[in-house]
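Comments concern the structure below.
The values are calculated or read from the model by the stated rules, or taken from the named source; none is laboratory data. Here the structure is a predicted model, which means the values were calculated and not measured. Every residue, glycine among them, receives a Cβ derived from its backbone with ideal geometry; neighbour counts consider all protein chains shown. When the accessible area is computed, the model is the full protein with side chains, heavy atoms only, and any ligands, DNA or RNA have been set aside. Shrake-Rupley method; radii C 1.70, N 1.55, O 1.52, S 1.80 Å.
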Amino acid sequence: MGSSFDKKEEFVKAYDQHADAIFRYCHFRISNRELAKDLTQETFTKAWKYIADGKEIENIKAFLFKIAGNLVIDEYRKVKQSSLEELQERDGFDVESKDDEKIVFSSEVERVRLVIEELPDKYKEVITMRYVSDLSPKEIAEAIGESENVVSVRLNRAVKKMRELLRS
Amino acid sequence: MKELLNKLNKEARKVSLRDSEKAAIRSVLLLRMDAPIASSGSFKKSPYWRVIASSIYVSRRAYVPVALAIVLIFGGSVSLVAEGTVPGDPLYSVKTSVNEELKSLIAMSPEAKAQFKAELVNERLVEAEKLAVRGELTQEKKDIIEQNIDKHVDEFTDSVNQITAANSQGALDATSDLESTLKAHETVLTHLATVNPSAESIVNTVQSEVSRVAGYREGVEGKAADAVASSSTKVANLEGNYQVVAKNIKDAKALLSTLPNNDSQKMKDLAKKIDDAELALLAGKTNLSVQAYAEALRDLAKANRTAKELNITFHTLASLNLNDILLSGPVEIPCATDNDCPLAYICSPALAATSTLPGFSLATSTASTTLDVGIASTTATSTPHISVCVLPSATSTSATSTDKATTTTE
């Protein structure tokens, strides 16, 4: 990115282009619309702060997913720290979005979604990036800080695991 | 498998931010981006803008209010006009999709989010009341309001779930406040339903939300009660709460005393609630003195809920100019101008005088719409000028109502 004006213009363009994909990724990973919205905003805020500090970004899309991925992990940690499950069991409230805000898929795709939920985090991450947010293996590699080869292997193993889970 | 994943990809594309949400986040980002950039010496701004912009990066919490203030002051005249709208008004979507979305972005912490969602529940209920008073509470508008109330309560509990483990007292306070708000509006809407039956279904919705939130509150209260006994700080806070609750009850009593002196059942019910709050406060004080802290917490929370419910009820009735609805029997609303009448009523001079008594005389209609009609003379002459508060739709039948009226004196 060049001058500050160019930086701003490019960043706003990046927002317009990738906001939905980031939101989709967060929503799919944490199943809470409000929180996904917050994480989307936080992702772009952090990305801008990085740019504003004068640092260079090679691939803005991969960089945004890297931040979003970290924010999702932070959220998982927060949920683990608070004894939410205990509260839910006791009061019957779920942290997930309510019916009108849940992602509504066809029954076939809903099965796939539930199977993805069952996957280990590292598989869930790459499958969501690849098939929900449309990232290429190269972009995923940049986003998670692994080689393209590792990503391809991980994707293959994730698909294999999903196939097994669907059969069972 | 590949086919299934392609289907997932296709269906996942439907998940996206709403236009208003995307625009709201964009606005916040733009404001943040206008703060000075470390490597951007060539991008010059006016000194005034630098002062504002430099304040934007103070902290995550601090800059958004600044941003919102800028939007509202310099570009938000439409947003401000939209604030008082109700479903059916042209700018209502600006209020819910722009103003409230922006405000929700400001509410960062779960505590702030819970408070904001509770405010939205209150706002939806006020909208229902305004519409009921105007006689414009159609099924379509009721559906919008009821769905939104349900959604806001869901969002509220999502936020409270996040704070309960770390701050059970805060969670209890927030939930109790929402319960008080719902109960207060249940009272107002119940009274309004006696005038406008279209408000009845909203009353049912509010009642079911009251039950739901009360059930949820009991769970949170259990956690707070468990926590209070094991913490000296929490016990000290509880003792401080006693003073706050006592003040809230005092405020409610003061507001009740400003209402017309009347022995209607509605007024008796409200007075009884004050007695209930005082009894719960007393029980709380007693339990505090014997160090039964869990019980004291429950008693004080109950007293506070009742006191807040009454305060909200009185404020809401006053803001809608509906205090007279608490009086017994047919409500007569004397008026000289439209300003003397409840919202959406007009002061009609069309009715004939039935009283020749000097001063301020009232006539009571025996028609089924008696709550809509009041008569007053505004002079002390034997041929007083009669002024009547009526709903605009009632003016065509008002002469008939007056023919049946009987005279009473104040």
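Of all the residues in segment A:1-16, those that are under 18 Å from B:A24 (Cβ atoms) and either crowded, with 23+ Cβ neighbours inside 10 Å or in contact (Cβ under 8 Å) with a residue 24 or more places away in the chain (or both) number 3.
Within segment B:194-216, which residues are within 14 Å of chain A (Cβ to nearest Cβ) and within 19 Å of the chain's Cα centre (by Cα)?
Residues satisfying the conditions are B:E209, B:S211, B:R212, B:V213, B:A214.
Can you list residue pairs whose Cβ atoms sit under 6 Å apart, with the first residue in segment B:173-192 being at pLDDT 90 or above and the second being open to solvent by less than 10 Å² (accessible area, probe 1.4 Å) and among the hydroxyl-bearing types (S, T, Y)? Count only pairs 6 or more apart in sequence or on different chains. Going by the 6 Å Cβ cut-off, the qualifying pairs are B:A184/B:T313; B:T187/B:T313. Within segment B:137-148, the presence of a residue that is at pLDDT below 85 and β-branched (V, I, T) is excluded.
Among the candidates B:A118, B:A128, B:A112, the residue that is open to solvent by less than 10 Å² (accessible area, probe 1.4 Å) and among the small types (G, A, S) is uniquely B:A128. Within the span defined as segment B:322-330, every residue fails to be in a helix (DSSP H, G or I) and at pLDDT 90 or above.
Comparison of B:K247, B:K253 shows that the only residue that is exposed (fewer than 13 other Cβ atoms within 10 Å of the Cβ) and in contact with a helix residue (DSSP H, G or I) (Cβ under 9 Å, 6 or more places away or on another chain) is B:K247.
Which members of segment B:243-259 meet the condition of being of a type outside the set (A, V, I, L, M) and within 23 Å of the chain's Cα centre (by Cα)?
Initial filter on segment B:243-259 (of a type outside the set (A, V, I, L, M)): B:243, B:247-248, B:250-251, B:253, B:257-258.
Hits for segment B:243-259 are B:K247, B:N248, B:K250, B:D251, B:K253, B:S257, B:T258.
Number of residues in segment B:113-153 that are within 17 Å of the chain's Cα centre (by Cα) and free of Cβ contacts under 8 Å to residues at least 24 places away in the same chain: the value is 5. Being within 11 Å of chain B (Cβ to nearest Cβ) and either in a helix (DSSP H, G or I) or among the charged types (D, E, K, R) (or both) is the requirement here; does A:K61 meet it? Against the criterion (within 11 Å of chain B (Cβ to nearest Cβ) and either in a helix (DSSP H, G or I) or among the charged types (D, E, K, R) (or both)), A:K61 does not qualify. Within segment A:12-37, if we keep just the residues that are under 16 Å from A:K66 (Cα atoms) and at the interface with chain B (Cβ under 8 Å from one of its Cβ atoms), the residue that is farthest from the chain's Cα centre (by Cα) turns out to be A:Y15. Considering segment B:131-161, and only residues there that are touching a Lys or Arg at 6+ places or on another chain (Cβ under 9 Å) and charged (D, E, K, R), the residue that is surrounded by the fewest Cβ atoms within 10 Å (Cβ to Cβ) turns out to be B:E136. Considering (1) open to solvent by 20 Å² or more (accessible area, probe 1.4 Å); (2) in contact (Cβ under 8 Å) with a residue 24 or more places away in the chain, the lone condition that B:S168 does not fulfil carries the number (1). Can you go through B:V220, B:V188 and tell me which one is surrounded by 24 or more Cβ atoms within 10 Å (Cβ to Cβ), touching a Ser or Thr at 6+ places or on another chain (Cβ under 6 Å) and within 14 Å of chain A (Cβ to nearest Cβ)? The unique qualifying residue is B:V220.
Count of segment A:125-144 residues, restricted to those that are within 13 Å of another protein chain (Cβ to nearest Cβ) and touching a residue at least 60 places away in the same chain (Cβ under 8 Å), is 6.
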